[in-house]
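First comes the structure, then the notes that go with it.
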Amino acid sequence: MNLTHLPLIDLQASDETVKPALESAFNKIGFALITGHGIAAQQISEMRELLKTYFNRPLTEKLHESITPENYRGYIPLGFFSANSNSTLTDHYEGYKLHYEVAAADPIIEQCDLYGPNRWPSEPAHFKDTLLSYWQACDRVSHRLLGLVAQIMGVDEHRFLSMFNSPLTNMTLLHYPSTPAKPPEEVGYGIHPHKDTDALTLLFPDPVGGLWLRPREQDNWLEVVAGEDTLIVNIGDLLEMWSGGYFVSTPHKVVNQSGQERYSFPFFTVPRHDVSVAPLITPQAGFNREPVPVGSVSREVWRTNWPDTQPGDQNFDLGTLTD
């Protein structure tokens with residue numbers, strides 16, 4: 001079934017128009033389609049072409065830029081990361097991981113080892129410039145959305161936004177080869193069913209489709225349908241926590257059985273490492289969760305991506321779900 005009724009919100013409209021639409025979308029389904037975001041169509045197209053160029057490079061070259069347990073940045077080989085679940089099937093994607101750029105001499109690295117400079121591949125030559133330009137554009141949109149969210153919750157906007165100074169925001173470039181037209185339980189997912197563990201996720205859809213979500217209190221998975229230049233925004237677990245369950249972090253997955261290559265570049269907005277996330281407003285009935293230390297949970301999500309690792313005993317919800 002195609003989901004054709006995701007809320008469509010024009011971010012260029014007045015705050016009085018945008019806020020109630022955004023509040024309804026994040027409260028009811030946790031997803032919204034955003035127009036008027038200010039990210040140029042050419043910039044989106046350049047990102048898509050960049051991914052195709054990078055992932056089309058020889059595997060031997062990409063492996064020289066591989067991610068390591070000591071540095072959560074670089075190339076992720078196809079089927080390498082585990083799904084943090086009991087499944088023996090790996091997710092069917094290759095990727096490239098980037099984080100908020102921090103100079104090697106920045107003292108914040110001593111406070112949290114997840115910070116540091118990115119690993120920039122030598123090819124294509126414009127990789128770094130294209131990525132940083134797009135990153136800055138996503139930062140602007142994210143800042144606007146978070147400011148609106150603070151107003152909706154009735155909390156101090158400046159104080160709320162200050163928790164995203166020196167953030168653990170990150171981004172993953174993704175290439176999904178097409179999988180056989182069989183149940184994902186037999187051949188694996190593009191990305192397994194999960195909830196995002198960030199505050200907000202920003203994503204432009206690939207024209208081949210394949211992004212599915214499961215609305216609250218529904219058993220059916222519904223495919224997201226959106227124009228190429230329409231921004232998909234969804235709530236992550238941290239913003240669900242801040243809102244005391246008023247905003248919902250909705251399960252989603254990727255299944256690419258289109259017969260075509262699929263590319264995406266989600267942008268994950270995450271607070272600073274020393275922020276402890278707890279409800280900022282009165283929690284919804286039955287919402288009772290322990291505060292989330294951003295640095296610790298981010299490190300645990302990263303650590304448990306590696307093959308043959310198991311979640312520790314910190315009782316963190318790492319987002320993985322059963323289908």
inquiry  = Yes or no: the range 84-100 includes at least one residue that is over 20 Å from the mean Cα position of the chain (by Cα), within 24 Å of Glu223 (Cβ to Cβ) and either of a type in the set (Gly, Ala, Ser) or part of a helix (DSSP H, G or I) (or both).
reply    = yes
message = Can you go through Ala137, Ala125, Ala150 and tell me which one is of a type in the set (A, V, I, L, M) and assigned to a loop (DSSP other than H, G, I, E, B)?
response = Ala125
Asp219, sole failed condition from (1) within 21 Å of Gly95 (Cβ to Cβ); (2) open to solvent by 20 Å² or more (accessible area, probe 1.4 Å) = (1)
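Listed here are the residues, each with its yes/no results for (1) in contact with a strand residue (DSSP E or B) (Cβ under 6 Å, 6 or more places away or on another chain); (2) closer than 22 Å to Pro193 by Cα.
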{"residue": "Ile9", "(1), (2)": "yes, no"}
{"residue": "Glu16", "(1), (2)": "no, no"}
{"residue": "Leu51", "(1), (2)": "yes, no"}
{"residue": "Thr68", "(1), (2)": "no, no"}
{"residue": "Phe80", "(1), (2)": "no, yes"}
{"residue": "Thr90", "(1), (2)": "no, yes"}
{"residue": "Tyr93", "(1), (2)": "yes, yes"}
{"residue": "Ala103", "(1), (2)": "no, no"}
{"residue": "Tyr115", "(1), (2)": "no, no"}
ask   = Right, Ser298: buried (at least 17 other Cβ atoms within 10 Å of the Cβ), in a loop (DSSP other than H, G, I, E, B) and under 15 Å from the mean Cα position of the chain (by Cα) or not?
value = no
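Conditions (1) open to solvent by 40 Å² or more (accessible area, probe 1.4 Å); (2) within 22 Å of Met47 (Cα to Cα); (3) part of a loop (DSSP other than H, G, I, E, B), marked per residue:
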| site | (1), (2), (3) |
| --- | --- |
| Ala181 | yes, no, yes |
| Pro193 | no, no, no |
| Glu223 | no, no, no |
| Phe247 | no, no, yes |
request  = Answer yes or no: is there a residue in the range 99-115 that is within 26 Å of Pro77 (Cα to Cα), of a type in the set (Ser, Thr, Tyr) and free of Cβ contacts under 8 Å to residues at least 24 places away in the same chain.
outcome  = no
ask   = If you take the residues of the range 89-116 that are of a type in the set (Ser, Thr, Tyr) and closer than 29 Å to Pro58 by Cβ, which of them is modelled with the lowest pLDDT?
value = Thr90
Residue count for the range 10-53, restricted to those that are without any contact (Cβ under 8 Å) to a residue 60 or more places away in the chain, open to solvent by less than 10 Å² (accessible area, probe 1.4 Å) and outside any helix (DSSP H, G or I) = 0
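For (1) at pLDDT 95 or above; (2) in contact with an Asp or Glu (Cβ under 8 Å, 6 or more places away or on another chain); (3) on the phi < 0 side of the Ramachandran plot, each residue gets a yes or a no:
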| position | (1), (2), (3) |
| --- | --- |
| Glu123 | no, yes, yes |
| Phe127 | yes, no, yes |
| Leu131 | yes, no, yes |
| Cys138 | yes, no, yes |
| Ser142 | yes, no, yes |
| Leu148 | yes, yes, yes |
request  = Working carefully through the options Tyr100, Tyr93, Tyr72, Tyr134, find the one that is more than 28 Å from Asp229 (Cβ to Cβ) and aromatic (Phe, Trp, Tyr).
outcome  = Tyr72
note = Residues in the range 252-286 that are of a type in the set (Ser, Thr, Tyr), open to solvent by 10 Å² or more (accessible area, probe 1.4 Å), assigned to a strand (DSSP E or B) and in contact (Cβ under 8 Å) with a residue 40 or more places away in the chain total 1
ask   = Quick one: Leu203 ticks every box in (1) open to solvent by 30 Å² or more (accessible area, probe 1.4 Å); (2) in contact (Cβ under 8 Å) with a residue 12 or more places away in the chain bar one, so which box is it?
value = (1)
request  = Quick one: in the range 153-179, of everything that is of a type in the set (A, V, I, L, M) and in a loop (DSSP other than H, G, I, E, B), which residue is nearest to Gly95 (Cα to Cα)?
outcome  = Leu168
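The values are calculated or read from the model by the stated rules, or taken from the named source; none is laboratory data. Please read these numbers as outputs of a predicted model, since none were measured by experiment. Neighbour counts run over all protein chains shown; Cβ positions are idealised from the backbone, glycine included. When the accessible area is computed, the model is the full protein with side chains, heavy atoms only, and any ligands, DNA or RNA have been set aside. Shrake-Rupley method; radii C 1.70, N 1.55, O 1.52, S 1.80 Å.
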